[in-house]
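> Structure incoming, see below.
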Amino acid sequence: MLPNRSRTSVLVFLLPPLLLYCAAVLFPILQSLFLSFFSWNGISDMEFVGLDNYVRMFVADDIFWRAFLNALVYLAICLVLQLGGALVVASLLTSLRRGRELIKTLYLLPAVISTVAIAFLFVRIYSIDPVGLLNQLLHWIGLGSLERPWLSDVNTVLAAVSAPEGWRFTGLYMLIIYAALIAVPKELEEAAVLDGASKWTLFTKIRFPYIRPVWITTTIMATTYGLRGFDIPYLMTNGGPGQSSELLTTYMYKTAFTSTDFGYASTISVFIVIECLVAVGLILFLLKRKAD
Amino acid sequence: MKKLFRAAAVAAATALALTACGGGGSSADPANVAPTGEIKPREISWLLSRPADGAVINIMKKLADDYAKDHPGFELNLITTPDRPSYIQKLETLAAANKLPELFDTDATPFAQQLAGQGKMVDAEKLLKSLDLYDSYRPGALDYQRFDDGSLFMIPFQFELEFIWYNKALLQKAGVSVPTSLDDIPAMCTALRSAGITPIAIDGQDQWPLERYVAYQPFREAGPDFVQQLKKGDAAFADAAGQKTVNWMADLGKADCFQEGFSAQGYSDAQNLFTNGEAAMYNIGTWELPSLATDKLNPAVRDDIDFFTLPTTSGSATAANEFVSPSGIGMAVNTKTYDPLVSDFLKFALQKYPAEYAATGALSPTTDVETAVPANATPLYKKALEQANNLGAKQAMPWDTQLDPTTNGRLQQELVLLVQGDITPAQFTETMDKAIGQNAPKFFK
């Protein structure tokens, strides 16, 4: 426990970042909440419309629901690739004797490449005319019947724009999980092995419970990033064809800056904030309950 | 915490109320085109959406430098955002904050009309008349910039003609000839596809190129008025002219007219497809003359390239010499910052601009200068320029500048689905008519 005087000084030092946080995060959220009760195109007079925007969002807007479902699918694909992929790679890495650093760096590489470059890269990979990498590979391995314009096909486009985002951050989460895995006490593992535990039991009973706190953090990070995903889908397809790869975020952006319907866009952004909070709450609830 | 929350809410409300108030006020008179007083040189800005090293920017830079020689302290700060969606976002945000610069680019969109209605743009017709330049402009170039009520608030810097470029050798290989009617195109595509040729190269990523096609049938069937009525909800896709274009677009899709996966392909992808000799047709304007009608064009196809203008249909309401002839994004003058300096600079620049622009090989928006054909041009260059001398009175307006932005976005999305065969013409019609019904009243009260 700190003595009184130093507690005051700690508070004094904490205040500036808190104020900065309020100005940069809380204020815009409150501003959106305020705007969501208005109809405003930026240059017209602001007109108070009460809950009209919310009613429109929940009842009358087919694109909103489509975008919401798309966002959930996008999130699911990102999570599987990022957390599942990261866990597999990190586990394999711990059993590797040499070349760990090289592999870690290679996996982390996509996370440091600019989003725009990744988007363009994948547009080329998915392309059919001229033939891109994916279609070429399918052709070579005799799956030519699967060749298609991945970004123009309404059935594949959502998965196609989710994969780059998932792929991109796998390395980052792998690094975090790897760090947690190598911190698992060796004596615990050795004791379990002496007791005859299989590799799978070792993982589910010793390693995973040990890294659970880190797992919760990475899940929350990956989920909130996934729910806020915007740049790659926006750059690759702009939500198309039709609304097949429209996410809540891209839809909100278009509503604000293409349709200049700032009131309604704020309504969608309020929904995104609540959706993120609910998701984090759910994760904490589920994973904590399992731990108890 | 509750207190803090309340304080923040009040702060948010106050800040918004202040910006809203700021947005409304503008004291200057849009009709006052000749402000009196002393010319005090300063830096002025032009927010524009044109290629960074393009002719317009280069010439205006040069003219600004010339002007600064006699007016020390003057500087023209050109802020360009060539990517149109990003530009529009920038413009709208600045307009909302009431921070538009002295000069800014905009199409004759419903949003721009609202700005003009609030007195934020100088009356361009009066301005050009006061400079004695009005009559030198091509009527078509000015008409393109006008709002529905005929008022003019933007000044054009270009004049372009849109053609359908085609590859003679590929058409011959497929045994088809240049279409005499728009209705011939689907069958033509089928023949080209059977010969293993991509019929039409299109940039699907930018969306406006596909939206051009939906405008063609109604322009021929019902004339330029159709889109004017459609955007207000006074006409519908369910009407005869609307159904004709919806079914025609679906037919283009069924006949595989566009390259596979077109919706994810960009501007240069489409152009390469045509200039490599893989695609038979390509719809683009005279701004591409330097790549399509000079020795920069791939020698393998150079002698095979030609163009035709928008085909008519039987009983067409518009003539063959009437098609899409845009004068590009226009420049608006901000009323709030319009002073003797801006006025004097515009007088200087607008008088000298046409001659400089025509010298680069481009079509000037005025008729008082002759375009210089570049030394490396193919005969097609001159042929293309000559089309400008023989234009009819009506012009096909690109729909993306006409519809309200929400309907426009929806149309661009639904069109891809219609052409790809993901939705039926009936579904398309229902969705679009509903979208217009919902969104148009907000913009065209």
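> If I filter the stretch B:387-400 down to residues being aliphatic (A, V, I, L, M) and over 20 Å from B:F111 (Cβ atoms), which single residue comes out as nearest to the other protein chains (Cβ to nearest Cβ)? Outline the logic, then answer.
So the first thing to find is which residues in the stretch B:387-400 are aliphatic (A, V, I, L, M), and the list is B:388, B:391, B:393, B:396-397.
From what is left, the residues that are over 20 Å from B:F111 (Cβ atoms) are B:388, B:391, B:393, B:396.
Details: B:A388: 33, B:L391: 32, B:A393: 33, B:A396: 23 Å.
Here the answer is B:A396.
> Is there a residue in the stretch B:400-410 that is buried (at least 19 other Cβ atoms within 10 Å of the Cβ), among the β-branched types (V, I, T) and touching a Gly at 6+ places or on another chain (Cβ under 8 Å)? Write out each step before concluding.
If we filter the stretch B:400-410 for residues that are buried (at least 19 other Cβ atoms within 10 Å of the Cβ), which is where we start, we get B:400-410.
Narrowing further to those that are among the β-branched types (V, I, T): B:401, B:406-407.
Narrowing the set further to residues that are touching a Gly at 6+ places or on another chain (Cβ under 8 Å) leaves none.
No: the stretch B:400-410 contains no residue that is buried (at least 19 other Cβ atoms within 10 Å of the Cβ), among the β-branched types (V, I, T) and touching a Gly at 6+ places or on another chain (Cβ under 8 Å).
> Here are A:T237, A:T258: which of them is facing chain B (nearest Cβ under 8 Å) and surrounded by 24 or more Cβ atoms within 10 Å (Cβ to Cβ)?
Numbers: A:T258 fails: surrounded by 24 or more Cβ atoms within 10 Å (Cβ to Cβ).
From the options A:T237, A:T258, the qualifying one is A:T237.
> Taking the stretch B:246-301, which residues are β-branched (V, I, T), touching a Ser or Thr at 6+ places or on another chain (Cβ under 8 Å) and either facing another protein chain (nearest Cβ under 10 Å) or within 29 Å of A:V157 (Cα to Cα) (or both)? Give the derivation first.
If we filter the stretch B:246-301 for residues that are β-branched (V, I, T), which is where we start, we get B:246, B:275, B:284, B:286, B:294, B:301.
When the remaining residues are screened for being touching a Ser or Thr at 6+ places or on another chain (Cβ under 8 Å), the result is B:246, B:275, B:294, B:301.
Residues satisfying the conditions are B:V246, B:T275.
> Ok, one more. From B:D422, B:D433, B:D339, grab the single residue that is closer than 30 Å to B:A31 by Cβ and either surrounded by fewer than 21 Cβ atoms within 10 Å (Cβ to Cβ) or within 14 Å of chain A (Cβ to nearest Cβ) (or both).
B:D339
> Any residue at all in the stretch A:76-95 that's within 14 Å of chain B (Cβ to nearest Cβ) and buried (at least 22 other Cβ atoms within 10 Å of the Cβ)?
Just the residues of the stretch A:76-95 that are within 14 Å of chain B (Cβ to nearest Cβ), to begin with: none.
No, the stretch A:76-95 contains no residue that is within 14 Å of chain B (Cβ to nearest Cβ) and buried (at least 22 other Cβ atoms within 10 Å of the Cβ).
> Which residues, taken from the stretch A:184-197, are of a type outside the set (D, E, K, R), part of a loop (DSSP other than H, G, I, E, B) and farther than 17 Å from A:L92 by Cβ? Steps first, please.
We begin by selecting, within the stretch A:184-197, every residue of a type outside the set (D, E, K, R); these are A:184-185, A:188, A:191-194, A:196-197.
Then drop every residue that is not part of a loop (DSSP other than H, G, I, E, B), which leaves A:184-185, A:196-197.
Hits for the stretch A:184-197 are A:P185, A:G196, A:A197.
> I've got another one for you. Which of (1) more than 14 Å from chain B (Cβ to nearest Cβ); (2) in contact with a Pro (Cβ under 7 Å, 6 or more places away or on another chain) is the odd one out, the single condition A:L248 does not satisfy?
A:L248 satisfies every listed condition except (2).
> Anything in the stretch B:45-55 that is closer than 17 Å to B:E356 by Cβ and touching a Leu at 6+ places or on another chain (Cβ under 8 Å)? List them, or say none. Let's see the steps before the verdict.
Step one: of the stretch B:45-55, the residues closer than 17 Å to B:E356 by Cβ are B:46, B:48, B:50-51, B:53-55.
Residues satisfying the conditions are B:W46, B:L48.
> Could you tell me which numbered condition A:W150 fails, if it satisfies all but one of (1) in a helix (DSSP H, G or I); (2) more than 16 Å from the chain's Cα centre (by Cα); (3) among the aromatic types (F, W, Y)?
(1)
> How do the helices (runs of 4 or more DSSP H) wholly within the stretch A:34-142 filter down when requiring 3 or more residues that are in contact (Cβ under 8 Å) with a residue 12 or more places away in the chain and of a type in the set (V, I, T): which remain?
Numbers: elements: A:52-55, A:62-79, A:85-94, A:100-112, A:115-126, A:133-140.
Qualifying helices (runs of 4 or more DSSP H): A:62-79, A:115-126.
> Let me ask another. Within the stretch B:275-298, can you find the residues that are surrounded by fewer than 18 Cβ atoms within 10 Å (Cβ to Cβ) and among the hydroxyl-bearing types (S, T, Y)?
If the condition is that a residue be surrounded by fewer than 18 Cβ atoms within 10 Å (Cβ to Cβ) and among the hydroxyl-bearing types (S, T, Y), then B:S291 is the only one that fits.
> Follow-up. Residue by residue through the stretch B:262-309, note down the ones that are within 21 Å of B:L192 (Cβ to Cβ), in contact with a Lys or Arg (Cβ under 8 Å, 6 or more places away or on another chain) and assigned to a loop (DSSP other than H, G, I, E, B).
Correct list: B:D304 only.
> Evaluate the following for A:T217: is it more than 14 Å from every other protein chain (Cβ to nearest Cβ) and within 30 Å of B:T406 (Cβ to Cβ)?
Values: more than 14 Å from every other protein chain (Cβ to nearest Cβ): yes; within 30 Å of B:T406 (Cβ to Cβ): no.
Against the criterion (more than 14 Å from every other protein chain (Cβ to nearest Cβ) and within 30 Å of B:T406 (Cβ to Cβ)), A:T217 does not qualify.
> Checking the structure you have, find out if any residue of the stretch A:50-63 is of a type outside the set (V, I, T), facing another protein chain (nearest Cβ under 9 Å), crowded, with 18+ Cβ neighbours inside 10 Å and in contact with a Gly (Cβ under 6 Å, 6 or more places away or on another chain).
Scanning the stretch A:50-63, I find no residue that is of a type outside the set (V, I, T), facing another protein chain (nearest Cβ under 9 Å), crowded, with 18+ Cβ neighbours inside 10 Å and in contact with a Gly (Cβ under 6 Å, 6 or more places away or on another chain), so the answer is no.
> While we're on this one: Where in the stretch B:334-433 are there helices (runs of 4 or more DSSP H), lying wholly inside it, with at least 1 residues that are farther than 30 Å from B:E75 by Cβ and in contact (Cβ under 8 Å) with a residue 24 or more places away in the chain? Even if it seems obvious, please write down each step before you answer.
Values: elements: B:340-358, B:379-386, B:405-420.
Where helices (runs of 4 or more DSSP H) fall fully within the stretch B:334-433 and carry at least 1 residues being farther than 30 Å from B:E75 by Cβ and in contact (Cβ under 8 Å) with a residue 24 or more places away in the chain, they are B:379-386, B:405-420.
> Inside the stretch B:401-416, can you point out the residues that are closer than 12 Å to B:M432 by Cβ, of a type in the set (V, I, T) and at the interface with chain A (Cβ under 8 Å from one of its Cβ atoms)?
Of everything in the stretch B:401-416, just one residue is closer than 12 Å to B:M432 by Cβ, of a type in the set (V, I, T) and at the interface with chain A (Cβ under 8 Å from one of its Cβ atoms), namely B:T406.
> Right, something else. Just for helices (runs of 4 or more DSSP H) wholly inside the stretch B:164-260: which have at least 2 residues that are more than 22 Å from the chain's Cα centre (by Cα) and crowded, with 16+ Cβ neighbours inside 10 Å?
On the way: elements: B:168-173, B:185-194, B:208-222, B:225-232, B:240-254.
Passing ranges, in order: B:168-173, B:185-194, B:240-254.
> I've got another one for you. Restrict the check to the stretch B:372-386 and report whether at least one residue is within 14 Å of chain A (Cβ to nearest Cβ), over 20 Å from the mean Cα position of the chain (by Cα) and at pLDDT 90 or above.
As a first pass, look at the stretch B:372-386 and keep what is within 14 Å of chain A (Cβ to nearest Cβ): none.
Checking the stretch B:372-386: not a single residue is within 14 Å of chain A (Cβ to nearest Cβ), over 20 Å from the mean Cα position of the chain (by Cα) and at pLDDT 90 or above.
The values are calculated or read from the model by the stated rules, or taken from the named source; none is laboratory data. All of these numbers come straight from a predicted model, not from anything done at the bench. Heads up, the Cβs are rebuilt from the backbone with ideal geometry, glycines too, and the neighbour counts pull from every protein chain shown.
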